[in-house]
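Down below is the structure, laid out as structure tokens.
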Amino acid sequence: MTQTIRRTQSVCPICLKQIPARLVRRGSDYYLTKSCPTHGDFSAVVWRGTPELTEWTGDGFPEETGGTACPDGCGLCGDHLQKTCCVLVEVTSRCNLGCPVCFAHSGEAGSDVPLDDLRAIFRRLVDDGRTFVQLSGGEPTVRDDLPEIVAAARDAGCENIQLNTNGLRLGAEPTYTRALRDAGLSFVFMQFDGTEDAIYEKLRGRPLLAEKKAAIDVCADNLLGVTLVPTVVPGVNDHNIGAIVRFGLKRSPDVRGVHFQPVSYFGRYPSPPSDADRITLPEIIRAIETQTNGKIKVSDFGPSCCDHPRCSFHGDFVVLPRGMVLRLSQKSGKKSCCTPSDAHLKNRAFVSRRWKRTSGAAPDDPDADYQDIDTFLSRVHSHGFTITGMAFQDAYTLDIERLRRCSLHVYDNDRIIPFCARYLSGVNALES
């Protein structure tokens, strides 16, 4: 039996024109369904099983009935309901890998954004109050002048400067990593798909685990916090979710957290996906509990306060001696995301506290008295650990209701664009 839960707007995966859509329930799973007058019917799973979706999100939003220009009218117009937490700046379209799951079509060919242009971009962003930037691409570390770019962002007034990277050059060239630190880099968002080389061979084209570990070591030497970013693909690394969490916890405080990203099908991908090709946020949350033998529990997670609740999950922890992990955050009794006017500022401040390393590790003293508030807060500061996830939307799963509440934005030709709208591509683009 199919039950309509909400009505919204989406796009046709072929022509990308905005069309009506429905969020429907079939058993314990939820799907986005839609019909294009020209190209027919489409359906894609967006939520499987528990936590139950309506319990997770509540019903705090009006239904989308059309009338917005999204995604054709991007940047951020008056219909957009969330301010920028983090803005991604693409500094190059070049990359030293050729991953089949890349959303940016990156490869060896490509071009760099001139440094003077980047200086002007950073100044504009700061003038608009967008002080948290993520340097991305392509692969930013293919640029020899990346330390100068970091310094330019710092000099413009960016408070948090995050590097989105595969990490290969960071581990291979410690002096380069040190130069990034000295220039003002805040923390590293590092592609890390698993603890087995077979995973990297499948997703990235060659074994990379040793190079990933070397990058973490060099970042640790330079007090640069690392957040591990796995792209989760069914049948490839979904069995490794718990191992990734355990690896990160073991490397605390060098590793500050894990940020799971279920694979989305835009950019470089050979054919339209089936539902079997998808993994949803609740499946990842359940896998975390099962594969860590209950060390981390489903009840430890809740929706983000800064995005639509169907977009992400969040859990905040502290790593104690002897491998103990204590939850700091708890799912709020208020299920819906209220998107207050300062939610983006609170999220920026939280990320800065948890992902940035400002000092060496507190002594790993198993006899320390963590009932003492000062001792406990010191440990939270040094060994805080976040486990988060974000489900990016492709042409099959794009929901305008979610897009309007996006706080992760991309700078593109003087416009600020929601991430999923910036990288949206249709079936024809996928096949080409």
Given GLY110, GLY73, GLY49, which one is modelled with pLDDT under 75 and either touching a helix residue (DSSP H, G or I) at 6+ places or on another chain (Cβ under 6 Å) or open to solvent by 20 Å² or more (accessible area, probe 1.4 Å) (or both)?
-> GLY73
Positions within the stretch 175-203 being within 26 Å of ASN240 (Cβ to Cβ) and open to solvent by 20 Å² or more (accessible area, probe 1.4 Å), in sequence order = GLN191, THR195, GLU196, ASP197, ALA198, GLU201, LYS202
Examine the stretch 53-64 for a residue that is modelled with pLDDT of 90 or more, in a strand (DSSP E or B) and closer than 29 Å to ARG286 by Cβ, and state whether such a residue exists.
-> no
Within the bounds of the stretch 158-174, is there any residue that is open to solvent by less than 40 Å² (accessible area, probe 1.4 Å), over 23 Å from VAL89 (Cβ atoms), assigned to a helix (DSSP H, G or I) and in contact with a strand residue (DSSP E or B) (Cβ under 8 Å, 6 or more places away or on another chain)?
-> no
Might you check whether a residue that is out of contact with any helix residue (DSSP H, G or I) (no Cβ under 9 Å at 6 or more places or on another chain), at pLDDT 95 or above and either open to solvent by less than 10 Å² (accessible area, probe 1.4 Å) or under 24 Å from TYR176 (Cα atoms) (or both) occurs anywhere in the stretch 220-233?
-> yes
When you look at GLY248, is it modelled with pLDDT of 95 or more and in a loop (DSSP other than H, G, I, E, B), yes or no?
-> no
Only one of ALA198, ALA179, ALA153 is within 22 Å of CYS85 (Cβ to Cβ) and assigned to a helix (DSSP H, G or I); which?
-> ALA153
Tell me which residues, restricted to the stretch 377-394, are more than 18 Å from the chain's Cα centre (by Cα) and either assigned to a loop (DSSP other than H, G, I, E, B) or free of Cβ contacts under 8 Å to residues at least 12 places away in the same chain (or both).
-> LEU377
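The values are calculated or read from the model by the stated rules, or taken from the named source; none is laboratory data. Just so it is clear, the model here is predicted, and its values are computed rather than measured. Methodologically, a virtual Cβ is constructed for each residue, glycine included, from the backbone with ideal geometry; neighbour enumeration extends over all protein chains shown. Side chains are part of the model used for accessible areas, which takes the heavy atoms of the whole protein and leaves out ligands, DNA and RNA. Shrake-Rupley method; radii C 1.70, N 1.55, O 1.52, S 1.80 Å.
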